[in-house]
Amino acid sequence: METMRWKDEGFLELLDQTRLPGKVCYVACRDYRDVAKAIKNMQVRGAPAIGAAAAYGMALGALNIEAGSKEDFISKIEGIGRELVSTRPTAVNLQWAVERVIREISTVKFDEAASYKKMVLETAHAIYREDIAGNRSIGMHGQELVPAEARVLTHCNAGSLATAGYGTALGVVRAAYEAGKKVSVYADETRPLLQGARLTAWEMVQENIPVTLITDSMAGYLMAKGMVDLVIVGADRIAANGDVANKIGTYSLAVLAGEHGIPFYVAAPFSTVDLNLVTGADIPIEERNHSEVTSLAGSAIAPDGVNVWNPAFDVTPNHLITAIITDRGVLRPPYQVSLRQ
Ligand code: MRU
């Protein structure tokens, strides 16, 4: 199932993840504002996927730019980039993709706007293709850490749907499965938006990889019963010291894994690493609408007027992370050294 596809007619289609697993349908984005809206509404979500979608958003925005000089074109596309980046603050891939597009055109002499437009689209295609290749590489490196028989606990969705394809944490599961290992998955449902139940379980069922769905509060007992061999999660941003922001609930899992002596792995492409941030304390954490917590499938599950706190991500400190599996290899602590290397 493709997370996104560029149509030669000049628009982008995004698999509408808010409709899964019930309905498989695509939303058409004909303008960069459509892409910004789809990212904000989480029709497309997952750090690498929103990076690639934003790059295509830049391509859509570029198509309508009228500019007579390099400075004019760049200032207009920078404005579009700012709008796209403002949609979701935590995943650095968004900013990374926008900056890469601007960097590519900045290095080339302005001839006419048309050649810049073409270049922006080519960069978006490259980001898309490289993400899939990078995820395969994460899978290849990561599967070596997976025993011949393994029960993997994961959180949220770091699969094909969260990337241009193949996935990061689920890419490792896929690669282990493809290598003939007897791998099975426990998927945390991942409140409040249920990415584990709706998306991870769906992806695994599609591919006949054994999956068992649990609610988030069951993870500790599952580990205590000796039913988890390793935990693998994705990341939205990794600070220079190896602290990792990922879906809310990841930190609790890391603490539990530490308590039970279970390896805790983070799988992410290098586009998720932000060496500008010294520690995870500097990572901006998105807070989302209270209604995500107070209602479920449109029905109220809490009294009107109750106070709510709804951070979408948390930060797992580096000392709880056994290794970070990247497209360039498996990194071990101390991460401030291995990430820079
Ligand atoms: O809010 P979401 O669904 O975009 O959050 C997604 C996650 O937290 C993923 O684990 C992360 O982006 C890594 S995806 C390969």
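The values are calculated or read from the model by the stated rules, or taken from the named source; none is laboratory data. Worth saying up front: this structure is predicted, and the values here are computed from it rather than measured. Positions of Cβ are generated from backbone atoms using ideal geometry, with glycine treated the same way; all protein chains shown enter the neighbour counts. When the accessible area is computed, the model is the full protein with side chains, heavy atoms only, and any ligands, DNA or RNA have been set aside. Shrake-Rupley method; radii C 1.70, N 1.55, O 1.52, S 1.80 Å.
Counting only alpha carbon atoms, the long axis of helix 47-63 and the longest principal axis of the chain meet at about 10°. Considering only Ala300, Ala312, Ala201, the Gaussian network model of the chain with Cα springs below 10 Å gives its largest mean-square fluctuation to Ala300.
Once backbone amide H atoms are built at 1.01 Å from N, Thr212 has Val185, Tyr186, Ala187 as its partners under 5 Å, excluding neighbours fewer than 5 places away on the same chain. Annotation: per residue accessible area for the stretch 140-338 equals 40 Å², rounded to a whole number [probe 1.4 Å, protein chains only].
Axis of helix 250-259 versus longest Cα principal axis of the chain: the two differ by about 30°, to the nearest ten degrees.
GNM on the chain, alpha-carbon springs under 10 angstrom: the most fluctuating residue among Ile65, Ile283, Ile321 is Ile65.
Summing Cβ point charges (Lys, Arg +1; Asp, Glu -1) relative to the Cα centre of the stretch 140-338 gives a dipole of roughly 400 debye. So if I take the centroid of the Cα atoms in the stretch 100-114 and the same for the stretch 234-276, what is the distance between those two points in Å? Rounded to whole Å, the Cα centres lie 35 Å apart. The helix-only estimate of mean residue ellipticity at 222 nm for the chain, built from DSSP H runs of length n ≥ 4 each weighted as -39500 (n - 2.57), is -11500 deg cm²/dmol after division by the residue total.
In order along the stretch 210-224, the phi-based Karplus estimate (6.51 cos²θ - 1.76 cosθ + 1.60, θ = phi - 60°) of 3J(HN,Hα) comes to x, 9, 10, 8, 10, 7, 4, 6, 8, 4, x, 5, 4, 5, 4 Hz; Gly and Pro are listed as x. Note that the stretch 4-136 presents 44 Å² accessible area per residue, ligands and nucleic acids not counted, probe 1.4 Å.
Share of carbon and sulfur in the accessible area of the stretch 130-180 stands at 53%, probe radius 1.4 Å.
Mind checking the dipole of the chain: about its Cα centre, +1 per Lys or Arg Cβ, -1 per Asp or Glu Cβ, Debye to the nearest 20?
Using only the charged Cβ atoms, the result is roughly 320 debye.
Cross-link pairs exceeding 32 Å in C-alpha to C-alpha distance, out of Lys40/Lys117; Lys23/Lys247; Lys117/Lys247, comprise Lys117/Lys247. The long axis of helix 70-85 is offset from the longest Cα principal axis of the chain by roughly 30 degrees.
Given the options Ala150, Ala54, Ala197, which has the most mean-square fluctuation in a GNM of the chain, springs set between C-alpha atoms less than 10 angstrom apart? Checking each option, the largest mean-square fluctuation is seen for Ala150.
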